[in-house]
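Worksheet: one structure, shown below.
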Amino acid sequence: MNQIWIASTESTNSYLQEAGDSVKPHTMVISSNQTHGRGQRGNSWESEPGKNLTFSFYIKPEGILPAEQFIISEAVALAIMAALREFGIVAKVKWPNDIYVDDKKICGILIENSILGPSIYKSIIGIGINVNQTLFRSDAPNPVSMAILLGKDYDLREVAQIIGRYLDSYIKLLDKPDALHFEYKKNLWRGDGNKYPFIETSSGNRFFAKIADVERTGHLYLQSDDKFSRYAFKEIIFVL
Ligand code: BTN
């Protein structure tokens with residue numbers, strides 16, 4: 001994975017959206033200062049300048065249908081978890097694609113896919129990993145960083161190198177969707193068969209359920225007593 005480091009940009013995802021084909025696929029565009037980093041659900045992504053890795057790269061996958069696009073999330077989440085393990089950090093994936101260590105978030109992923117004709121033509125994959133930041137503003141409810149967990153600072157270039165290597169290997173596995181999906185499900189946060197509290201967004205109902213399955217489409221199945229319910233992203237909230 002090639003790397004381009006830029007001192008400051010609004011958002012590395014937006015940078016790649018605007019750059020079009022002037023940046024080669026599989027190039028990591030990394031900026032240690034995003035002025036308008038974007039998160040999921042229209043949120044912003046907090047990252048203290050110079051402390052963390054905020055980067056994006058894009059791929060032009062072959063033959064992935066829109067209904068199968070969740071496989072890209074799975075591959076990316078697995079790559080991040082594998083890279084963190086190199087540093088001794090055991091992370092899990094909080095469905096659909098937050099990376100958690102215990103009950104804290106160490107990494108967020110924002111994937112923006114473009115569809116052309118029947119398949120995904122281009123996928124911009126934005127990743128924010130908390131590396132050396134130790135104080136977070138209060139609106140981020142449960143952040144953690146490598147430095148908080150391991151008690152020392154890391155060289156951002158070294159971390160980027162290792163993550164790039166794992167991303168390369170996992171992106172190559174996109175043609176083995178069964179294996180990726182199996183490994184993703186094995187690494188689910190709160191996927192241990194116990195019951196946890198959830199809130200259904202539409203009704204506001206709070207209930208206890210266990211994660212029963214994740215479909216290839218990315219839908220989550222929860223089991224509460226004998227009832228199974230199927231949820232899309234944003235339709236269900238994990239209570240921390
Ligand atoms: C989330 O809300 O959890 C997703 C956060 C994704 C943040 C990354 S940082 C690099 C890339 N550029 C952005 O503007 N967002 C993503």
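Taking a point 7 angstrom from the Cα of ASN2 along the C-beta vector, which residues in segment 102-132 have backbone N less than 20 Å away?
122-127
Charges at C-beta only: +1 for Lys and Arg, -1 for Asp and Glu. How large is the resulting dipole of the chain about its Cα centre, in Debye rounded to 20?
Working: 27 positive and 28 negative charges, 56 e Å.
Once rounded to the nearest 20, the dipole reads 260 debye.
Between LYS24 and LYS176, what is the label-point separation in nm under the 7 Å Cα-to-beta-carbon projection?
2.5 nm
Name the GluC sites (Glu not before Pro) in segment 1-82 that are in a loop by DSSP and that have at most 16 other C-beta atoms within 10 Å, would you?
Answer in residue order: GLU10, GLU62.
Looking only at ASN187, ASN142, ASN132, which one moves most when the chain is put into a Gaussian network model with springs between Cα atoms under 10 Å?
Residue with maximal mean-square fluctuation among ASN187, ASN142, ASN132: ASN142.
Using the structure shown, list the pairs from LYS152/LYS186; LYS51/LYS152; LYS104/LYS185; LYS185/LYS210 with a Cα-Cα distance above 23 Å, or answer none.
LYS152/LYS186
In the P(r) worked out for segment 121-240, what percent of Cα pairs fall beyond 21 Å?
The answer is 58 percent, as a whole percent.
Suppose we flag trypsin sites (Lys or Arg not before Pro) only when DSSP calls them loop and at most 11 other Cβ atoms lie within 10 Å. Which is the longest uninterrupted stretch of the chain? Kindly include the intermediate steps, with their values, before the conclusion.
On the way: sites that count: ARG137, LYS152, LYS234.
Value returned for the longest uninterrupted segment is 1-136.
Given only helices, namely DSSP H runs of n ≥ 4 each adding -39500 (n - 2.57), what is the per-residue ellipticity at 222 nm of the chain, to the nearest 500 deg cm²/dmol?
Details: 5 runs with 57 residues, N = 240.
Calculated mean residue ellipticity at 222 nm is -7500 deg cm²/dmol.
Using the Cα gyration tensor of the chain, with a ≥ b ≥ c the square roots of its eigenvalues, what is the shape: rounded (a/c below 1.5), prolate (a/b larger than b/c) or oblate (neither)?
oblate
Inverting the mean 1/r over all pairs of different Cα atoms, compute the Kirkwood radius of segment 5-137 and quote it in Å.
The Cα-based Kirkwood calculation yields 15.3 Å.
Specify the inter-centroid distance of segment 201-217 and segment 39-90, based on alpha-carbon positions, in whole Å.
For segment 201-217 versus segment 39-90, the Cα centre distance is 23 Å.
Every number here is computed from the coordinates shown, using simple stated rules; none is lab data. Please read these numbers as outputs of a predicted model, since none were measured by experiment. When we count neighbours, we look across all protein chains shown, and the Cβ atoms used for this are built from the backbone with ideal geometry, even at glycine.
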